[in-house]
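Notes to accompany the following structure.
The values are calculated or read from the model by the stated rules, or taken from the named source; none is laboratory data. If you're wondering where the values come from, they're calculated on a predicted model, not measured in any experiment. Cβ: placed from backbone, ideal geometry, glycine included. Neighbour counts: every protein chain shown. Each accessible area value is taken on the protein alone, full model and side chains, heavy atoms only, with ligands, DNA and RNA left out. Shrake-Rupley method; radii C 1.70, N 1.55, O 1.52, S 1.80 Å.
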Amino acid sequence: MIFPDSSFSTGLSGLDEVLHNLLSGDNIVWQVDSVADYQAFVEPFHQNASKHGIPVTYFRFANHQKLLTEENGVQVHYLSPEEGFEQFLTKIHSVIQQNGEGGCYVFDSLSELSQDLYSDQMIANFFMLTCPFLHKLHTVAYFAVLRNFHSQYAAVPIMETTQLLLDVYRYNGQLYVHPLKVTDRYSPTMYLLHAWEQDQFRPIT
């Protein structure tokens, strides 16, 4: 089932305004300093999907804190990257294929795959194979990578393949979002740094 683009949202009205909303087929990569900063955006994304009856699938494969639980109908799939790249990739693609068109996806931080002896080239290959597959099925998916953690062999292919790349900073307890790439949308202030203030994301000029 394909959901209308109006159903997809970050769950944060101010951020939707900055990005001109999420569109079906969007893959969003959050570049963060910590998984806690990623989770701050995962939770409202999940809440909005649940509100609109959009199924949420969570791929759990890292050692960091769990981003979502099975509550509210979230489909959680536990994976073991150490079993090998091919098996890891096949299991994820099998779930996506079985779910079919539409839906929302949340992935653990891709940076943790490096701890399972995955090279940056393998992480890039995983993303370049998975991102277009999700895009073709009109889903919306969240990924995260740690800032300044990966070489160009992962960073460049990920940036070139994803539809949205958002840099997240925390300073004095406040979160900031800096869109680095937003496909098929534009505004004069879109690529400025934005401060998260209550429900709004204020451009820093």
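Projecting the Cα atoms of VAL168, VAL35, ASN21 onto the dipole axis of the chain, where Lys and Arg carry +1 and Asp and Glu carry -1 at the beta carbon, places ASN21 farthest toward the positive end.
Assuming charge only on the beta carbon of Lys and Arg (+1) and of Asp and Glu (-1), the dipole of the stretch 21-81 about its Cα centre is about 140 debye to the nearest 20. Protein heavy-atom accessible surface, 1.4 Å probe, per residue over the chain: 46 Å². Give the residue from GLN65, ILE204, TYR142 lying farthest towards the positive end of the charge dipole for the chain; charges sit on Cβ (+1 for Lys and Arg, -1 for Asp and Glu) and the dipole is referred to the Cα centre. Of the candidates, ILE204 comes out farthest on the positive side.
Which of the trypsin sites (Lys or Arg not before Pro) across the stretch 1-95 are loop residues per DSSP, with 14 or fewer other Cβ within 10 Å? When the trypsin sites (Lys or Arg not before Pro) of the stretch 1-95 are filtered for loop state and at most 14 Cβ neighbours within 10 Å, LYS66 remain. Each Cα pair under 8 Å and six or more residues apart adds its separation to the average, and for the chain the resulting relative contact order is 27 percent. Computed from the Cα positions only, the extents of the stretch 41-126 along the three principal axes stand at 38, 26, 19 Å, in decreasing order. The stretch 89-153 and the stretch 160-187 have Cα centres spaced 18 Å apart.
Under the rule a/c < 1.5 gives rounded, and otherwise a/b versus b/c splits prolate from oblate, where does the stretch 95-160 land using the Cα gyration tensor? It comes out prolate by the Cα gyration axes. About its Cα centre, the stretch 39-125 has a charge dipole of approximately 280 debye under the convention of +1 per Lys or Arg Cβ and -1 per Asp or Glu Cβ, with nothing else charged. Think of it as helices only: each DSSP H run of n ≥ 4 in the chain is worth -39500 (n - 2.57), and spread over all residues that comes to -10000 deg cm²/dmol at 222 nm.
Cross-link partners for LYS181 among the lysines, with Cα-Cα distance under 21 Å and sequence neighbours closer than 8 places in the same chain left out: LYS136.
Assuming charge only on the beta carbon of Lys and Arg (+1) and of Asp and Glu (-1), the dipole of the chain about its Cα centre is about 200 debye to the nearest 20.
Given Cα pairs under 8 Å that are at least 6 residues apart, what percent is the relative contact order of the stretch 76-195?
20 percent
Excluding the site residues themselves, the longest part of the chain lacking any GluC sites (Glu not before Pro) in a DSSP loop with at most 15 other Cβ atoms within 10 Å is 102-205. The GNM of the chain, with springs linking C-alpha atoms under 10 angstrom apart, assigns the highest mean-square fluctuation among VAL145, VAL56, VAL76 to VAL76.
With viscosity 0.890 mPa s and temperature 25 °C, the Kirkwood radius over alpha carbon pairs of the chain converts through Stokes-Einstein to a diffusion coefficient of 144 µm²/s.
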